[in-house]
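Structure record follows, encoded as C-alpha cells.
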Amino acid sequence: MTENSEYDVAVIGGGPAGLSAALYTTRLGHSTVMINRGGGRAAMMQDTHNLIGVTEDTAGMEFLQTGIEQIQAYGSEYVRDTVTKAQRTEDDRIHLTGGDISVTAQRVVLATGFSDGRPDPPAPRTARGLHYCLHCDAYMFVDAPVYVMGTDNSAAHVAMIMLNFTDDVDVLLDGEKPAWDDETDKQLRAHPIDIVPEEVTGVENGDDGWLEAMEFADGTRRTYRGGFALYGSEYNTDLAEQLGCELNDDGTISVDDHGRTSEDGVLAVGDITPGHNQVPVALGQGAKAGLAIHYDLREFPRSPEAIQADGSVDPDEVPGISDALRERARKHESNVALDPNLADD
C-alpha cells in the first residue's frame, strides 16, 4: 500500500484488542484497515489460558492468525507494516504514514500495547520457564517450585501472591539490591519466601525445553518449574503523543469506558490502557471501542436537526453500508448458509 488510501477506521496493532475492534467496525459497516507490525504479548503465548471456547493447546500465533482471517473475511483490509507518524489533516481526519503505507481515517484505534522489561541473560526461555502474566500462568505452577525475578515492590508482592498456589517461592535479585520500600520488606520477610541475592549464572532446561534449574554465582543450584520477571513495562505511546492524547502517570493512555482518548476521533484499547492485561479483557475493550465508533459514524437514524435542514431520508440513500462491504456481507458464508440464492445475486 504505497498510495494514500481513505477509510472510516484505521486500527493500529494486531493483538486481541485491535482484532476485536476491527471485527466490530467492519461487521457494523465501516471500511476498516488494520496495520500491524507483528509481535506483541499474545504472539508469544505457547498456550492460551482463561479464554472460554479456545482450547489451551492453541498457541498465540494460531489464535491471532484466526482473528486476522476473520476480519478479512468480513471485508477488513490487513496490512503488515509499521506506522511511525500520525497527524491531523485540515478536514480533521487523521493521516498515518510509515514504511510503505499512507492511510487517512476518520477514526483511529491505537492497540499498540507495551513491551515487558526482560532480565539480562542468562534467563529461562520465554513461555518455557519465564513468564510475565501472573493471572494467566499462576495455575501452571500449583505445588511447583517458582521464582520471581525483580527488585521492586511489584516483584515482592507477586512472590507473596504466588504463595496462594505453591509453598516453594524464591525472589531472585540477580546480583542487584532490593528496591522495594521498608513496609514491603517487612511484609515480604513475614512470609515463607527465600530472597536470593546472588547473580544468576546459568540455566538448565529439560529435554522438553522447560526450565529445570538455575545456577548462581555462589555455586548453588536451585530447581524451578518456572517463574515471573518483574522489570516494568515500556508503553508504545509514540503515536498517541503525536496526536496529543493525555497519558496517565504510569505511562498508559487515559481513556473513558469505551476507549475514547482526550483527542476526538482517537481511541485506545488493550495493554496500552489501564486495567488488567488479559486477552478476554482486551477483546471486550476492542468490542466497546468498535461500538462507540459505530454510534459516531453510522448514517441512520438521521438526527431531527438534519431532517429539518435537509428533509426526509430518500429511499435511494439506504442502506447506509458501503457497496463493497454490502457485497461482502451478502456473499459471506453465514448469509449463504441461510439462503444459498444470495451467493448468486
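What to note about this one:
- Ranked by how many other Cβ atoms sit within 10 Å of their own Cβ, fewest first, the residues Tyr235, Tyr24 fall in the order Tyr235, Tyr24.
- Size estimate for the chain follows the Kirkwood approach: the inverse of mean 1/r over distinct Cα pairs works out to 22.6 Å.
- Anisotropy class of the stretch 131-212 from Cα gyration tensor, a/c 1.5 cut: oblate
- Relative exposure of Arg37, Arg330, judged by other C-beta atoms within 10 Å (fewest first): Arg330, Arg37
- Loop-located chymotrypsin sites (Phe, Trp or Tyr not before Pro) in the stretch 173-225 whose Cβ has at most 16 other Cβ within 10 Å (DSSP): Trp210
- Summary of packing: across the peptides 282-294, 195-207, the per-residue average of other C-beta atoms within 10 Å ranks them, highest first, as 282-294, 195-207.
No lab work stands behind these numbers, since they all come straight from the coordinates. Because the structure is a prediction, the values reported are computed rather than measured. Cβ sites come from the backbone with ideal geometry, for glycine too, and all protein chains shown count toward neighbours.
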